[in-house]
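Trainee: Let me begin by handing over the structure; questions about it come next.
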Amino acid sequence: MSTGTPSTPQLPRTPPRPLTPRRTPFSPVAPHRPRSPTTPGRRHKPARATRLQGIKEWKFSFAETRAQIIEKLKLSYVPEDWQVHLVIRILRGFDSIFLAGTGYGKSLIFEAVAVLGGKKNITLVVCPLKALEADQAKQAREKGIKAVLINEDNTHDPTVWKTAQKTAQLIYISPEMALSDHFGKLWTDVKFRGRVQALIVDEAHCIDEWGEEFRPMYKQLHRLRNFTGQEVPFVACTATCATRTFNVIWNSLAFGHRPFWGLDAGCDRNNLFYITHTLQNVSTPILDVLNILPANLNETSDRSLIPKILTYHDSVAGTKAAKETWRRALPPHLRDCVYAYSADISEAAKQECWDGFRSGRYRILCATDAAGMGCNVPDVEYSIVFECPKSLAVLVQRWGRAGRNRTGEVGLAVQRVRGEGKVLLEPASHTTSRAKLEQNLEEFINSASSTDTCSHVFLTKLFRPETGLDVYMSLTDTFISRRGPVSQNSSHELTWTVLDLKRNPPAERCCHHCNPLLLAHFQASDSHDPRILKYAADFIHSLPAPPSRPSSVTSMISQAGTVATVDSAEFEPVKGKQTVSKEDKAALRALLVTWREERHFRMGNSPYIPAECVLPPKQLEKLVAAASTFLKHSLVEAKHVKKVIAWELASTTDIAEVCQVISGWRLTLEISRTPQSARRQRKQPRTTPAIPLTPQPIFTPMPPRSARGSACSTCFLWISSATRFIARDIHAADTIQSPKSTACIPSLFTRSHQCISSHPTNTYIR
């Protein structure tokens, strides 16, 4: 050890401070170098690892949620497990598509979300039909929910918009209204957008069926996400959803960009039995199902003996014809229990119809597809569909109107016109109609003649779509039963739950495949049915003829309803364009109005049915605007009128009378016809002037002027006709010098007599 002077203790060395790079001033020549990234500051509240984007926590348990639904909606039954699970998922913020059969209780989901979400929040429900909107809004109000519907009938009422903006809990709108400028004013309100908690699309299969041409706004509903953002869930519900329909709904509502929880509860209805057979009475289809009525109805029978029946037809005229047939089989005091329902009646009449049908005042409803979805009458016993619907989904929706209370056994039947088995050489019209059928519908129709295909099993398999999502087989499963490619390629939770509710019908009440004896109860009747003959005397005499009126353009119409034919030879068709003056159009308009008034007078001149119902003003103006087209035909026929206007309510006699009015109007016109151009005439051969010859003496005397029957004073002419054959004697005023001079024959008639020719098409004129 050294013994020198102790050294000074060394202090720890401070590390050198890193040099801060100098910031290079920005110049257009030297490029700007960005600063190196730094670590962000610490969050005060770290995000939960289990929370998904847009998903909220629900503070009540499953049992508590079910109890609140029963209490707040004043239910007399206990909601099913899948309904409670779905309500909780929607309130947490999950997007969803849920499939549940008709009558399963889909409207309960809307109402439960509205009442459990709070009085200050709004649930928007997109509905396809006004009748469905009114029906659901009325049911919601009866349960104490502030519900309002907005459509073109009440958009001018300021109180409706004020209620929707501030106090409403449920708002029922159409897709066109949701994307309209009127409703856009609500979307621009920040407070209104903050109150929206869910957007639900009811009857979502309409997106596939109507979204292409009929109602294209259905496929534009994804635009509403621009207003709702990522915090508001979108929900779609339907009873009929095949794989193709599911994909259309998924893309149209832009699913897959938020957490998604879908549910398939099945569409089977175990309290319904299905019957499919060929329609035998094509002209009067009600006769095929007339045996549904009791056979012993009389003047003392109560209307409650008639089961509630809902029949579907393809046209308004079909509903009216069906109503008349039903009434012919009923006693006089029960004939008012049959009602025809279609889209052309007023909203007040629709509401009165459903109220009467629900209360039992109306027992039979003949309807178009306007009553095909959602309308809830719980005790309908029979739902009957005539002819082939556009798709199998439409058929199932119409069938689903029956037995919605699930308290009894209900029968359903579908009739189809072209149901015969395919023969070796079928008509071309049948081949064309078969090609237009939906594939699933054609398979279902073809299965009607087999005995090994159950209708319930067929529909259950068809309306269980392949979604491509992760599949769970129960509501409480924690393990995925089947992986889906769509879920694997997404960063969000996308799941699909498939349930088997064990609602299989018994074999004796399943369908006519499982129990062929069911067909014996629905044998077709005919016009000699005792119920028809019993009251036939009430329908023999038509309405009394109106008092005589002055002659008019329709005076040629006989009392039997036949129309005399105007001779088409009196009018020569106009070739090319022909302008009709305003005065001539006004004359045609006046004639049509006169005919309309007379037709209304012949119908009974009812003060409750205005004359405009006979020929609506819109159709009348279309006929006047197309006046020039009627000048191009020698005879105005029904096909020419139908080409111009759609006139479903008109009978064959009405159209024939309008044709007569137009034909009579044409004869009053002064049409200027351009003479044939001289250049179009046949060119005469050029001849050189002949050398004048010396006149020769006449050696044969000319026949006398009054000579008759000579070869040079009589001509022969053949005229084709389809109605009347007239033979005329034609006598020349002088000797006809050349056989080519037949153009002057019509002016040489001296006397005539009528006779009927035995030839079917030709008349001999001598």
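Trainee: Computed over the Cα atoms of the stretch 568-666, what is the convex hull's projected area averaged over all directions, in nm²?
Mentor: 6.4 nm²
Trainee: Could you calculate the contour length gain from Leu667 to Glu442, that is, 0.36 nm times the residue separation minus the distance between their Cα atoms, to one decimal place in nm?
Mentor: 75.8 nm
Trainee: What nm value, rounded to one decimal, do you get for the distance between Arg244 and Lys502 when each label is placed 7 Å out toward the C-beta?
Mentor: Modelled inter-label distance: 3.6 nm.
Trainee: Taking the simple approach of a point 7 Å from Cα along Cα-to-Cβ for both Asp314 and Lys622, what is their distance in nm?
Mentor: In this crude label model, Asp314 to Lys622 measures out at 2.0 nm.
Trainee: Full-extension gain between Leu533 and Asp81, please, as 0.36 nm times their residue separation minus the C-alpha to C-alpha distance.
Mentor: 157.3 nm
Trainee: Here's a follow-up. Report, as a whole number in µm² per second, the diffusion coefficient that Stokes-Einstein gives for the stretch 452-527 at 10 °C and 1.306 mPa s using the Kirkwood radius over alpha carbon pairs.
Mentor: Translational diffusion coefficient: 101 µm²/s.
Trainee: Here is a follow-up. For Tyr341, what residues show an amide H to amide H distance below 5 Å, using hydrogens built from the backbone and excluding near sequence neighbours?
Mentor: Long-range HN contacts for Tyr341: Cys366, Ala367, Thr368.
Trainee: Residue by residue, what Karplus-based ³J(HN,Hα) values in Hz, rounded to whole numbers, does the stretch 194-205 have, using 6.51, -1.76 and 1.60 with θ = phi - 60° and x for Gly and Pro?
Mentor: Residue by residue, the stretch 194-205 yields x, 8, 6, 10, 6, 10, 10, 9, 7, 6, 5, 5 Hz.
Trainee: Evaluate E = 1/(1 + (r/R0)^6) for Gln230 and Glu142, where r is the Cβ-Cβ distance and R0 equals 41 Å; express this FRET efficiency to the nearest 0.05.
Mentor: 0.75
Trainee: To the nearest 20 debye, what charge dipole does the stretch 574-654 have about its Cα centre, counting +1 at the Cβ of each Lys and Arg and -1 at the Cβ of each Asp and Glu?
Mentor: The calculation lands at about 420 debye.
Trainee: Once phi is turned into θ = phi - 60°, what whole-Hz ³J(HN,Hα) does the Karplus curve with 6.51, -1.76 and 1.60 give for every residue of the stretch 463-480, x standing for Gly and Pro?
Mentor: Calculated HN-Hα couplings, in order: 9, 10, x, 8, 9, x, 9, 5, 9, 10, 9, 7, 6, 10, 5, 10, 10, 6 Hz.
Trainee: Between Phe214 and His492, what is the label-point separation in nm under the 7 Å Cα-to-beta-carbon projection?
Mentor: It works out to 2.9 nm between the two label points.
Trainee: Let me ask something additional. Based on the Cβ-Cβ distance of Leu519 and Arg303, what FRET efficiency does E = 1/(1 + (r/R0)^6) give at R0 = 25 Å, to the nearest 0.05?
Mentor: The computed FRET efficiency comes out at 0.35.
Trainee: Right, another one. How large is the direction-averaged shadow of the alpha-carbon convex hull of the stretch 62-253, in nm²?
Mentor: 10.3 nm²
Trainee: Same structure, new question: How large is the dipole of the stretch 256-351 about the Cα centre if only Lys and Arg carry +1 and Asp and Glu carry -1, each at its Cβ, rounded to the nearest 20 debye?
Mentor: Result for the stretch 256-351 is approximately 100 debye, rounded to the nearest 20.
Trainee: Continuing with this model, one more query. Which whole-Hz ³J(HN,Hα) couplings does the stretch 337-343 yield from phi under the Karplus relation 6.51 cos²θ - 1.76 cosθ + 1.60, θ = phi - 60°, glycine and proline marked x?
Mentor: Rounded to whole hertz, the list is 8, 9, 9, 9, 10, 7, 6.
Trainee: On a full-extension model of 0.36 nm per residue, what is the gain between Met603 and Lys632, subtracting their alpha-carbon distance, rounded to one decimal in nm?
Mentor: Value of the extension gain: 7.2 nm.
Trainee: Given H placed on each backbone N at 1.01 Å, which residues far from Ala236 in sequence or on other chains put an amide H within less than 5 Å of it?
Mentor: Sorted by chain and number, the residues that satisfy this are Ser96, Ile97, Phe98, Val201.
Trainee: Sticking with this one: Got a sec? Which residues in the stretch 252-283 would a label at Ser481 touch, if it sits 7 Å along Cα→Cβ and we count backbone N under 17 Å?
Mentor: Within reach of a label on Ser481: 261-268.
Every number in this text was worked out from the coordinates using simple rules, so none of it is lab data. These numbers were taken from a predicted model, which means no experiment stands behind them. For neighbour counting, all protein chains shown are included, and Cβ atoms are generated from backbone atoms with ideal geometry for every residue, glycine included.
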